Amino acid sequence: MFIRHARRYMRLSQWGVRSFASRRYVGEMDGVLRFELIFPTRTTLSQKELLGRPVLVVNTASQCLSAPTQLRGLQTLYERFHPQGLQIVAVPSNEFDRKEPLDDDAELLAAYTTASSPAGTPVTFPIARKAQVLGANAHGFFARIATKYGRSVAPVWNFDKFLVDSYGDLTAVFPHDTEPLEPEVIEAIEEALADMPTPSSEDDSDDEYDSDDDEYDSDDEEDEDDEEEAEEQDRPRRR
């Protein structure tokens, strides 16, 4: 994964072990992959909807100087990779230089999804309700990051980007000064998409299991036939 280190990132081996429970992929973000949305209006992205696909979570601020470039880049990523399975979630936050002062949902919605958006065009990826990303009242997703990896990996400015893979594990973190279309971002997304579980692979595992069962049953039948034949040979013959 990538972790923040002197404004750069080092690639490390995977942290943690992927676990499976009733075909649901549960990783280190179990229980916190849930976002109340203002766009689409009054909906919720639940963990059930997000597990099984990569998710890029970004703490945003519509009045930040980097908002136009960052939002345009995120929209391009969404249009390119959402059809393949990627989900992007923007989480507006006012904690860095007060660049998201809007509190009203309607005003926030207009700031991202109208022609007056800093991106110059409406964004179409999900927008969460405004939330804190630091401290005791932080959204559970960001609180989990701070708890598990420390403050250095939690957000330090607007538009830090956190990539969670389809198993619910944090796999990459990109800082605010990394634009969404940088090669390392695209590479990490493509790797996460390539690692997505597929229904066909699950079906194959079922078939293999069933095949083993059939083979076991067949062996049992052969054993029973052998025992019956032995008993027939031992039984006194009628003369």
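The values are calculated or read from the model by the stated rules, or taken from the named source; none is laboratory data. Please read all numbers here as calculations on a predicted model, not as lab measurements. Don't worry about glycine lacking a Cβ; one is built from the backbone with ideal geometry, like all the others, and counts go over all protein chains shown.
Would you confirm, using the coordinates I've provided, whether Thr69 is under 25 Å from Thr171 (Cβ atoms), in contact (Cβ under 8 Å) with a residue 60 or more places away in the chain and out of contact with any His (no Cβ under 6 Å at 6 or more places or on another chain)? Yes: the conditions hold for Thr69.
Here's the yes/no breakdown for (1) crowded, with 21+ Cβ neighbours inside 10 Å; (2) closer than 23 Å to Phe141 by Cα; (3) in the same structural domain as His176 (by TED's automatic domain parsing); (4) over 18 Å from the mean Cα position of the chain (by Cα):
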residue	(1), (2), (3), (4)
Val55	yes, yes, yes, no
Val58	yes, yes, yes, no
Arg72	no, no, yes, yes
Arg80	no, no, yes, no
Ile88	yes, yes, yes, no
Val91	yes, yes, yes, no
Phe96	no, yes, yes, yes
Asp104	no, yes, yes, yes
Thr113	no, no, yes, yes
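Quick check on segment 29-46. Is at least one of its residues of a type in the set (Gly, Ala, Ser), surrounded by 14 or more Cβ atoms within 10 Å (Cβ to Cβ) and either at pLDDT below 90 or farther than 18 Å from Glu187 by Cα (or both)? No, that holds for no residue. Scanning segment 60-70 for residues that are within 18 Å of Asp104 (Cα to Cα) and either not assigned by TED's automatic domain parsing to the domain that holds Leu108 or not in a loop (DSSP other than H, G, I, E, B) (or both) yields one hit, Thr60.
Would you confirm whether or not segment 77-86 contains a residue that is at negative phi, of a type in the set (Gly, Ala, Ser) and modelled with pLDDT of 95 or more? Among the residues of segment 77-86, not one is at negative phi, of a type in the set (Gly, Ala, Ser) and modelled with pLDDT of 95 or more, which makes the answer no.
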